[in-house]
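The values are calculated or read from the model by the stated rules, or taken from the named source; none is laboratory data. All figures in this text were calculated on a predicted structure; none of them were measured in a lab. Positions of Cβ are generated from backbone atoms using ideal geometry, with glycine treated the same way; all protein chains shown enter the neighbour counts. Just so you know, the surface numbers come from the protein's heavy atoms only, side chains and all, with ligands and any DNA or RNA stripped out. Shrake-Rupley method; radii C 1.70, N 1.55, O 1.52, S 1.80 Å.
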Amino acid sequence: MIKKAAAVLMAAAMAVSLTGCGSITSGKRIIRISHAQSETHPEHLGLLAFKEYVEERLGDKYEVEIFPNEILGSAQKAIELTQTGAIDFVVAGTANLETFADVYEIFSMPYLFDSEDVYKTVMEDSDYMEQVYESTDEAGFRVVTWYNAGTRNFYAKTPIRTPEDLKGKKIRVQQSPASVSMVNSFGAAAAPMGFGEVYTAIQQGVIDGAENNELALTNNKHGEVAKYYSYNKHQMVPDMLVANLKFLEGLSPEEYQIFKDAAALSTEVEMKEWDKSIEEAKKIATEDMGVEFIDVDVDAFKAKVLPLHEKMLNDNPKIRDFYEHIQTVNEQAKGEE
């Protein structure tokens, strides 16, 4: 509680001291980046590469400060601070961005990508993704790159080997309408709640399980209370590095290119570190926590929720172009098999 209170006080102090024009210290413009992860997380390591790249080339003008562990507030609050220019960059999930641009809802669609290779191909197509990234310009910010957050899978106190094993179970989901519909379509009861509440909710039996990537088992200790992790791969949802638009537009063309290159480098580093961290998390979860990893028939799970695609497309026409683009990449990948 003391640590949390200190973080809140620090965030409040920061909010008071920051201005829309950014802070100048010793003649340098301070660039502030907020994210929710620890200092050992792949995203933080990617951001350290971002900082190093910028400061090596523009160190006489800019100093990059990284604030992990939600020190500057939750992702939603940090997005708002980025909108106003109080901070310059924030790492946020696409569920947080849905509020500002409807197109981001597509990432909550189950089984959108046929494979992780398709997912990465789509996300690495920077020319196409730039159209998506610009969709939040009216809100005052723009995505500059993406980070791999792996596949989202179910984990619970009892094994989930088939879709029928989900019936009647209470499963925590992100506070996204599409994720709620997905879990309900499996016959489970969706329980939207904050991520920080999940451990206690599973431990006390308020919910039976949750869905996330493998790092939730180790970094957040969920493997202590949920011993079965099933690879049904229902979603592949990236995190996004979001920048204040006025800051980007105030850069010279040369500076803008350096920041853009730094963002791309941060993604390269994050992706390599992600793969390593997942291997380590699985090892720790298996050997130290007694978690069982279960391979399942993904197609059986997929069949249960595919009708949600058409419903989401009808409810939100703004995702249709992006959806069709992804389906084209899915088909191309099948032709190459």
Qualifying residue in segment 168-182 (condition: among the hydrophobic types (A, V, I, L, M, F, W, C), at negative phi and open to solvent by 20 Å² or more (accessible area, probe 1.4 Å)): yes
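Does Thr121 meet the test of being surrounded by 16 or more Cβ atoms within 10 Å (Cβ to Cβ), part of a helix (DSSP H, G or I) and touching a residue at least 40 places away in the same chain (Cβ under 8 Å)? Walk me through it before giving the result.
Details: surrounded by 16 or more Cβ atoms within 10 Å (Cβ to Cβ): yes; part of a helix (DSSP H, G or I): yes; touching a residue at least 40 places away in the same chain (Cβ under 8 Å): yes.
Taking the combined requirement at face value, the residue satisfies it.
Restrict the check to segment 244-251 and report whether at least one residue is assigned to a helix (DSSP H, G or I), free of Cβ contacts under 8 Å to residues at least 60 places away in the same chain and closer than 22 Å to Val64 by Cα.
If we filter segment 244-251 for residues that are assigned to a helix (DSSP H, G or I), which is where we start, we get 245-249.
Now restrict to residues that are free of Cβ contacts under 8 Å to residues at least 60 places away in the same chain: 249.
Of the ones still in play, those that are also closer than 22 Å to Val64 by Cα are 249.
Yes, that holds for at least one residue.
Take Ser108 and decide whether it is out of contact with any His (no Cβ under 7 Å at 6 or more places or on another chain) and modelled with pLDDT under 95. I'd like the intermediate steps shown before the answer.
Values: out of contact with any His (no Cβ under 7 Å at 6 or more places or on another chain): yes; modelled with pLDDT under 95: yes.
Answer is yes for this residue.
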Residue within segment 166-183 that is touching an Asp or Glu at 6+ places or on another chain (Cβ under 6 Å), closer than 24 Å to Ser74 by Cα and not in a helix (DSSP H, G or I) present: no
Among (1) of a type in the set (A, V, I, L, M, F, W, C); (2) open to solvent by 30 Å² or more (accessible area, probe 1.4 Å); (3) part of a helix (DSSP H, G or I) - the single one Phe107 does not satisfy: (2)
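In segment 148-167, which residue that is surrounded by fewer than 17 Cβ atoms within 10 Å (Cβ to Cβ) and of a type in the set (Val, Ile, Thr) is farthest from His222 (Cα to Cα)? Walk me through how you get there before you give the answer.
Going residue by residue through segment 148-167, those that are surrounded by fewer than 17 Cβ atoms within 10 Å (Cβ to Cβ) are 157-159, 161-162, 164, 167.
Now narrow it down to the ones that are of a type in the set (Val, Ile, Thr): 158, 162.
Details: Thr158: 13, Thr162: 21 Å.
Restricting to residues being surrounded by fewer than 17 Cβ atoms within 10 Å (Cβ to Cβ) and of a type in the set (Val, Ile, Thr), the top hit is Thr162.
Filter segment 229-243 for residues that are open to solvent by less than 10 Å² (accessible area, probe 1.4 Å) and either within 21 Å of Asp60 (Cβ to Cβ) or in a strand (DSSP E or B) (or both) and give the result.
Tyr229, Ser230, Asn232, His234, Gln235, Met240, Leu241, Val242, Ala243
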Subset tally (residues that are part of a loop (DSSP other than H, G, I, E, B) and buried (at least 18 other Cβ atoms within 10 Å of the Cβ)) for segment 194-218: 4
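Counting only residues that are part of a loop (DSSP other than H, G, I, E, B) and modelled with pLDDT of 95 or more, which one in segment 73-89 is nearest to Phe50 (Cα to Cα)?
Step by step, filter segment 73-89, then rank; the result is Asp88.
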Options Ala226, Ala303: the member that is under 20 Å from Ala190 (Cβ atoms) and either at pLDDT below 95 or in a loop (DSSP other than H, G, I, E, B) (or both): Ala226
In segment 68-103, residue most open to solvent (accessible area, probe 1.4 Å) [restricted to those that are over 17 Å from the mean Cα position of the chain (by Cα) and closer than 24 Å to Asn213 by Cβ]: Ile71
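Would you mention how many residues in segment 274-297 are of a type outside the set (Gly, Ala, Ser), under 22 Å from the mean Cα position of the chain (by Cα) and open to solvent by less than 50 Å² (accessible area, probe 1.4 Å)? Explain how you work it out, then say what you get.
Keep residues of segment 274-297 that are of a type outside the set (Gly, Ala, Ser), which gives 274-276, 278-280, 282-284, 286-289, 291-297.
After this cut, where a residue has to be under 22 Å from the mean Cα position of the chain (by Cα) as well, the list is 274-276, 278-280, 282.
Applying the additional criterion that residues be open to solvent by less than 50 Å² (accessible area, probe 1.4 Å) yields 274, 278.
Total meeting the criteria: 2.
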Which numbered condition Phe186 misses (of (1) closer than 27 Å to Asp275 by Cα; (2) modelled with pLDDT of 95 or more; (3) buried (at least 21 other Cβ atoms within 10 Å of the Cβ)): (1)
Selection within segment 298-316 - loosely packed, with under 15 Cβ neighbours inside 10 Å and farther than 16 Å from Lys233 by Cβ: Pro307, Glu310, Lys311, Asn314, Asp315
